[in-house]
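Worksheet: the structure to be examined is printed underneath.
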Amino acid sequence: MPKDGAYGYAVARVRAMEPLLLDAPIYQRMMEADGLGAALKILGETNYARWMSGDDVRYDSVLESELESSFNEFASFVPDGELIDIFRVPYDFHNVKVLLKSVFKARSGGKRRYDLMTSLGSIPPGDLSSKIESEEYGLLP
């Protein structure tokens, strides 16, 4: 398929996915909810319900799962995968910041916090962690 047609297809797919987004009334209901449990219940009425299994549902893990799914979905039909990586870069910066703070904290006797990292970046957290901790910054993209 020529690139022009591929981008037309990508635009059509994105437009078809728009009804799955949270709209203003849902946000309003969540903001007016009595607590986190009520807000999660409202979120459970949406497309996000597929990530809410079990009794101990964490809001941030639901959002991260949905973002990861969206990135993977977009990567499946966008003609140039580097476009998706552009949207993942802020999460790479977040992970670098977490790792650097962790290294500095460990040097002063603190504990490292790998649990604050996210899998949404373009660089796998394990690879990023090993390169930052070994101070091999030249191997980073």
- line: Computed on Cα atoms, the radius of gyration and Dmax of the chain in angstrom are 18.8, 57
query: Do you know the Lys pair count in the chain for C-alpha distances under 21 Å, with sequence separation 8 or more or different chains?
result: 7
field: Average Cα contact separation per residue, the stretch 88-141, under 8 Å, 6 or more apart, as relative contact order %
entry: 40
- prompt: What's the longest piece of the chain with no exposed trypsin sites (Lys or Arg not before Pro), counting a site as exposed if DSSP puts it in a loop and it has at most 14 other beta carbons within 10 Å?
  reply: 1-57
- prompt: Which percent of the Cα-Cα distances in the stretch 1-80 go past 16 Å?
  reply: 59
- prompt: What distance in nm separates the simple spin-label points at Ser108 and Leu83, each placed 7 Å from Cα in the Cβ direction?
  reply: 4.4
message: Out of the GluC sites (Glu not before Pro) in the stretch 36-109, which ones are loop residues according to DSSP with at most 14 other C-beta atoms within 10 Å?
response: Glu45
query: Fully extended, how many nm does the chain gain between Val57 and Lys41 (0.36 nm per residue separation, minus their Cα-Cα distance)?
result: 4.7 nm
query: Highest GNM mean-square fluctuation, the chain, Cα pairs closer than 10 Å: which of Asp92, Asp23, Asp80?
result: Asp23
query: Are there any helices in the chain, counted as whole DSSP H runs, that stretch 15 Å or more along their axis by Cα and score at least -0.5 on average by Kyte-Doolittle, and if so which?
result: 3-17, 59-77, 82-107
message: Using a 10 Å cut-off around each Cβ, can you sort Leu20, Leu67, Leu99 from fewest to most neighbouring Cβ atoms?
response: Leu20, Leu67, Leu99
message: Take Arg13 and Glu64, extend 7 Å from each Cα along the Cα→Cβ direction, and tell me the distance between the two endpoints in nm.
response: 2.6
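Every number in this text was worked out from the coordinates using simple rules, so none of it is lab data. Small disclaimer: the values here were computed from a predicted structure and weren't measured. Cβ atoms come from the backbone with ideal geometry, glycine included; neighbour counts cover every protein chain shown.
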